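*Asks:* I'd like to ask you about the structure that follows.
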Amino acid sequence: MKNDAKSIKRTQLRALCAAAAALLICGLLFGCADKKDGDGMERKLEYTQITQDEAMRMMAEDKSLVIVDVRRTDEFAEGHIPGAICIPNESIETEPPEELPDFDRVILIYCRSGNRSKQASQKLADMGYTNVYEFGGIIDWTGDVVTD
């Protein structure tokens with residue numbers, strides 16, 4: 001009878017340890033993307049996805065915003081939106097890009113098809129940029145395009 005009780009306790013202890021380990025892993029995997037606001041509450045930092053028409057309207061109305069092309073420099077040279085600056089997605093890591101010193105400035109981000117711009121937008125939002133707008137890829141752009 002004592003061996004059965006010890007066996008049950010061992011099984012319960014293993015289950016408890018497994019549950020604790022699962023909670024720890026979940027916390028590490030999902031807790032890193034959240035930031036604490038002024039009240040100590042956690043919130044996920046996000047960017048806003050907009051249409052290309054909305055991006056065109058914003059460009060026409062707000063001359064202080066910055067347009068960021070996150071394609072490689074060779075892709076940028078082949079054709080980009082007028083006034084855009086090139087900050088390749090691969091160069092955006094954990095430090096804020098020197099070209100974007102103002103964390104509250106409106107930033108419009110695009111790439112070729114929309115994949116890299118989504119990645120770059122999330123990275124910038126995670127760094128604390130507050131007005132990041134992603135509008136897809138230049139392959140769908142109906143506005144002007146210039147070359148270097």
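The values are calculated or read from the model by the stated rules, or taken from the named source; none is laboratory data. From a predicted model like this one, the values you see are computed outputs, not experimental measurements. Reconstructed Cβ throughout: ideal geometry from the backbone, glycine too, with neighbour counts over all protein chains shown.
*Asks:* Confirm whether residue 117 is touching a strand residue (DSSP E or B) at 6+ places or on another chain (Cβ under 8 Å), surrounded by 19 or more Cβ atoms within 10 Å (Cβ to Cβ) and small (Gly, Ala, Ser).
*Replies:* yes
*Asks:* Further question: Take residue 39 and tell me if it is assigned to a loop (DSSP other than H, G, I, E, B), acidic (Asp, Glu), more than 28 Å from residue 136 (Cβ to Cβ) and at pLDDT below 95. Before the answer, list the steps.
*Replies:* Details: assigned to a loop (DSSP other than H, G, I, E, B): yes; acidic (Asp, Glu): yes; more than 28 Å from residue 136 (Cβ to Cβ): yes; at pLDDT below 95: yes.
Here the answer is yes, as residue 39 does meet what is asked.
*Asks:* When only residues in the stretch 55-106 that are among the basic types (Lys, Arg) and in a loop (DSSP other than H, G, I, E, B) count, which is surrounded by the fewest Cβ atoms within 10 Å (Cβ to Cβ)?
*Replies:* 63
*Asks:* Given 90, 75, 61, 98, which one is out of contact with any strand residue (DSSP E or B) (no Cβ under 7 Å at 6 or more places or on another chain), modelled with pLDDT of 95 or more and closer than 15 Å to residue 145 by Cα?
*Replies:* 75
*Asks:* Here's a follow-up. Taking residue 135, is it aromatic (Phe, Trp, Tyr), outside any loop (DSSP other than H, G, I, E, B), closer than 18 Å to residue 46 by Cβ and touching a Ser or Thr at 6+ places or on another chain (Cβ under 8 Å)?
*Replies:* On the way: aromatic (Phe, Trp, Tyr): yes; outside any loop (DSSP other than H, G, I, E, B): yes; closer than 18 Å to residue 46 by Cβ: yes; touching a Ser or Thr at 6+ places or on another chain (Cβ under 8 Å): yes.
Considered against the rule, which asks whether it is aromatic (Phe, Trp, Tyr), outside any loop (DSSP other than H, G, I, E, B), closer than 18 Å to residue 46 by Cβ and touching a Ser or Thr at 6+ places or on another chain (Cβ under 8 Å), residue 135 comes out as yes.
*Asks:* Now for a separate question. What do you reckon, is residue 66 in contact with a strand residue (DSSP E or B) (Cβ under 6 Å, 6 or more places away or on another chain) and closer than 20 Å to residue 140 by Cβ?
*Replies:* no
*Asks:* On to the next question. If you go through the stretch 52-107, how many residues are in contact (Cβ under 8 Å) with a residue 40 or more places away in the chain and over 19 Å from the mean Cα position of the chain (by Cα)?
*Replies:* Number of matching residues: 13.
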